[in-house]
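Visitor: Dumping the structure here so I can ask a few things about it.
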Number of protein chains: 2
Amino acid sequence: MDFNDKQKQIIETAEQLFADRGFEGTSVRDIAEEAGINVAMISYYFGSKEKLLEALFSYRAGDTVQQLEGMIHHKVLAPLEKINLMIDFYINKFQRQQCFFKIMMREQVASQHGVTSGLIQHFKKRNQQLVKQLIQEGQKTGEFSKNIDVPVLMATLIGTTGHLMATQHFYREINHLQEMPDEQFQKLIKKKLSVHLKFLFKAILTHEI
Amino acid sequence: MDFNDKQKQIIETAEQLFADRGFEGTSVRDIAEEAGINVAMISYYFGSKEKLLEALFSYRAGDTVQQLEGMIHHKVLAPLEKINLMIDFYINKFQRQQCFFKIMMREQVASQHGVTSGLIQHFKKRNQQLVKQLIQEGQKTGEFSKNIDVPVLMATLIGTTGHLMATQHFYREINHLQEMPDEQFQKLIKKKLSVHLKFLFKAILTHEI
DNA sequence: AATTTAATCAAACAATTGTTTAATTATTTT
DNA sequence: AAAATAATTAAACAATTGTTTGATTAAATT
């Protein structure tokens, strides 16, 4: 999907508010006011509030899997190095699109009747298949252990990253980092997560440390 | 807080609906209808919808930390065994109170202005202090490594558990377990998480496998 | 048995919700 | 320059929101 500037402006405003207050907690008038446009423009451009959420998803979730595929397949690396690449890719994606992932987290918690659950399901499936392939590569060469539960492993990657990102205010407070500029703090948390998750994945995948 | 039977009935109905549709996505009339009571009873007993959410939190979050403290301090165990106890305690708690934890997950994602964020913050702080103590015990005896980042470690426990629980329908589908009775499936997922997380914690804490 | 307190209810309340309308202004195309 | 399309607007729409009211019934207390 391609959106014009005004549409992007609405989508991005909605994204921020949805992340902060939830989909149901945000009114179309909130969005319109924050974006500096008339309420009717939302229906005019997207049809409805629900379809605006769908538009947001196709705007963001777009070709994430393809990016990941491209990045990994076009490099000649050891299986574990590819896994590490994937870990950093995920952390970066999460960090650059924090608002969107907050919305995704919420939608995943909800019952599976919403307009987004199908999109998320599809996205997750393709992604897990890719990771499964990566792991099978490593198992063929004998570098990786057998009996790896991919969904559980991915739950660790996504769950840990998502939780720490969502509760970063708490992480700041407990470590007395309230005064640190956000840019610096994001770098810190990214590095922390990267080292931590790579360590965990190596332990699980190779049974070595 | 102690609630009478009718109050509990309302709280537990609200809990299910909040978990499924979110706080904003659930109307007081939904709750009243589902609980088989009059709408006015909610204001009558709790004052407001927001205060009903607060009541739910004090109803559930109650003495979780004390339970955990009691369970751990009153046993003579090696540090790692205490950690394992804590892991299983968390998984069990999460599994027995899935609706409540879904609500907590959502509330944590939201901006920090809600009525619950203070309660969650306080609960998390006390809990992390307890875990910190546990880890320091192990560090004194030399069983645990130095430089353990407790919040990151707890993000792995809570994040992984929460994510897998929230997306269990997906886990069922990808493993072709749609037909498995829920009781059996819950046991399976509990065991999976328990083994997985204990392995990860041991790797991080002892640098051994 | 009389009185007080608690519980329950349908109805009304004002505010807010997402969406549509019909008119007006900008922009593009002919 | 005229015509046609797109963008924008304030106002209205009906539906739903959380909450309150005032009356009625049930339970507890005296």
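The values are calculated or read from the model by the stated rules, or taken from the named source; none is laboratory data. Every value quoted in this text rests on a predicted model; they were computed, and no experiment measured them. We place every Cβ from the backbone using ideal geometry, glycine too, and count neighbours over all the protein chains shown. When the accessible area is computed, the model is the full protein with side chains, heavy atoms only, and any ligands, DNA or RNA have been set aside. Shrake-Rupley method; radii C 1.70, N 1.55, O 1.52, S 1.80 Å.
Visitor: Out of the total accessible area of the stretch B:4-51 (probe 1.4 Å, heavy atoms of protein only), what percent is carbon and sulfur?
Guide: 40 percent
Visitor: Further, regarding this structure: Using Cα positions and a limit of under 16 Å, work out the aspartates and glutamates in reach of A:K49, with same-chain residues fewer than 8 apart set aside.
Guide: By straight Cα distance, A:K49 reaches A:E12, A:E15, A:E24, A:D30, A:E33, A:E34, A:E107, B:E24.
Visitor: Using Cα pairs closer than 8 Å and at least 6 residues apart in sequence, work out the relative contact order for the stretch A:61-206, in percent.
Guide: So the answer I get is 35 percent.
Visitor: Could you size up the charge dipole of the stretch B:61-206 around its Cα centre, putting +1 on the beta carbon of Lys and Arg and -1 on that of Asp and Glu, and report it in debye to the nearest 20?
Guide: It comes to approximately 200 debye.
Visitor: Once you average over the residues of B:23-31, how many Cβ atoms of partner chains fall within 10 Å of each Cβ?
Guide: Per-residue shielding by partner chains comes out at 2.
Visitor: Next question. Just the accessible area per residue of chain B, please: how many Å² with a 1.4 Å probe?
Guide: Using a 1.4 Å probe on heavy atoms only, each residue of chain B averages 48 Å².
Visitor: Here's a follow-up. Which distances, in nm and shortest first, link the B:E81 label point to the same label point in every other copy, taking 7 Å along Cα→Cβ?
Guide: Spacings between copies for this position, smallest first, are 4.5 nm.
Visitor: Compute the separation of the alpha-carbon centres of the stretch B:111-140 and the stretch B:52-108 and state it in Å as a whole number.
Guide: Measuring centre to centre over Cα atoms gives 11 Å.
Visitor: Quantify, in whole percent, the carbon and sulfur part of the accessible surface of the stretch B:61-206 (1.4 Å probe; protein heavy atoms only).
Guide: Carbon and sulfur together cover 53 percent of it.
Visitor: Let me ask another. To the nearest Å, what is the center-to-center distance of the stretch B:176-209 and the stretch A:144-196, using C-alpha atoms only?
Guide: Between the Cα centre of the stretch B:176-209 and that of the stretch A:144-196, the gap is 21 Å.
Visitor: Ranked from highest to lowest mean number of other Cβ atoms within 10 Å per residue, what is the order of the peptides B:117-130, B:194-207?
Guide: By packing density, highest mean first, the sequence is B:194-207, B:117-130.
Visitor: Oh, and also: Hey, what's the per residue convex hull volume over the C-alpha atoms of chain B, in cubic angstrom?
Guide: Enclosed volume per residue, from the Cα hull, is 143 Å³.
Visitor: Say the cut-off is 25 Å between C-alpha atoms; which of A:K132/B:K132; B:K102/B:K140; A:K191/B:K93; A:K75/B:K202; A:K146/A:K191; A:K102/B:K124 go over it?
Guide: Where the Cα-Cα span goes over 25 Å, the pairs concerned are A:K132/B:K132; B:K102/B:K140; A:K191/B:K93; A:K75/B:K202; A:K146/A:K191.
Visitor: Please list, in order along the stretch B:105-116, the HN-Hα scalar couplings obtained from phi with the Karplus expression 6.51 cos²θ - 1.76 cosθ + 1.60 (θ = phi - 60°), rounded to whole Hz, x for Gly and Pro.
Guide: For the stretch B:105-116, the Karplus curve yields 4, 4, 5, 6, 5, 5, 5, 8, 10, x, 6, 8 Hz.
Visitor: Separate question: Select from the stretch A:153-167 all residues whose loss of accessible area on going from the chain by itself to the full protein assembly reaches 50 Å² or more (probe 1.4 Å).
Guide: A:A155, A:H163
Visitor: Placing the label point 7 Å from Cα along the Cα-to-Cβ direction, what are the distances from B:F123 to the equivalent spots in the other copies, shortest first, in nm to one decimal?
Guide: Once sorted, the set of distances for B:F123 reads 2.7 nm.
Visitor: Quick one: angle between helix B:117-140 and the longest Cα principal axis of chain B, in degrees between 0 and 90, rounded to 10, please.
Guide: Taking the Cα atoms of chain B, the angle to B:117-140 is about 20 degrees.
Visitor: Would you please state which residues of the stretch A:35-59 a label at A:H122 would reach in this model, taking the label point 7 Å out along Cα→Cβ and a backbone N cut-off of under 17 Å?
Guide: Those under the cut-off are A:51-59.
Visitor: For the pair A:E81 and A:H207, how long in nm is the line joining their label points, each one 7 Å along Cα→Cβ?
Guide: Result for the modelled spin labels: 2.5 nm.
Visitor: Pop the C-beta distance of B:Q129 and A:K198 into the FRET formula with R0 = 41 Å and round what comes out to the nearest 0.05.
Guide: 0.90
Visitor: Tell me: how much accessible area in total is hidden between A and B, 1.4 Å probe, Å², nearest 100?
Guide: 4300 Å²
Visitor: Hey, another quick one. Per DSSP H run of n ≥ 4, the term is -39500 (n - 2.57); total these for chain B, divide by its residue number, and report the mean residue ellipticity at 222 nm rounded to 500 deg cm²/dmol.
Guide: Calculated at 222 nm, the ellipticity per residue is -24500 deg cm²/dmol.
Visitor: Related question: So what's the projected area for the stretch A:107-178, the Cα convex hull averaged over all directions, in nm²?
Guide: Projected area, direction-averaged: 7.1 nm².
Visitor: Explain nothing, just the number: dipole magnitude of the stretch A:1-123 about its Cα centre with +1 on each Lys and Arg Cβ and -1 on each Asp and Glu Cβ, in debye rounded to the nearest 20.
Guide: Approximately 140 debye in magnitude.
Visitor: Report the label-to-label distance for B:E137 and A:Q136 in nanometres (one decimal), using points 7 Å from each Cα along the Cα→Cβ vector.
Guide: Those two pseudo-labels are separated by 4.5 nm.
Visitor: Another question, then. Distances from A:D182 to the same position in the other copies: list them in nm, one decimal, shortest first, using label points 7 Å from Cα along Cα→Cβ.
Guide: Spelled out, the distances from A:D182's label point are 4.0 nm.
Visitor: Taking 51 Å as R0, compute the FRET efficiency from the Cβ-Cβ separation of A:V115 and B:H74 and round it to 0.05.
Guide: Efficiency computed from Cβ-Cβ geometry: 0.55.
Visitor: What does the average come to when, for each residue of peptide B:174-185, you count the partner chain Cβ atoms lying within 10 Å of its Cβ?
Guide: Counting Cβ atoms of other protein chains within 10 Å of each residue's Cβ and averaging gives 1.
Visitor: Rounded to two decimal places and with Rh computed the Kirkwood way over Cα pairs, what is Rg over Rh for the protein assembly as shown?
Guide: With Rh from the inverse mean 1/r over Cα pairs, Rg/Rh is 0.96.
Visitor: Let me ask something else. Given the stretch A:81-146 reduced to its alpha-carbon atoms as identical point scatterers, what log10 I(q)/I(0) does the Debye formula return at q = 0.12, 0.17, 0.18, 0.24 Å⁻¹?
Guide: So the normalised log intensities work out to -0.43, -0.75, -0.81, -1.05.
Visitor: With each pseudo-label sitting 7 Å past Cα toward Cβ, what's the B:A40-A:D149 distance in nm, one decimal?
Guide: 5.2 nm
Visitor: Choose one of B:F94, B:S27, A:L80: the residue whose Cα lies farthest towards the positive end of the charge dipole of the protein assembly as shown (beta-carbon charges +1 Lys, Arg; -1 Asp, Glu; about the Cα centre).
Guide: So the residue furthest toward the plus end is A:L80.
Visitor: Under unit Cβ charges (Lys, Arg +1; Asp, Glu -1), what dipole magnitude, rounded to 20 debye, does the protein assembly as shown have relative to its Cα centre?
Guide: 1020 debye
Visitor: Tell me which aspartates and glutamates have Cα within less than 12 Å of A:K192's Cα, excluding those fewer than 8 residues away on the same chain?
Guide: A:D88, B:D149
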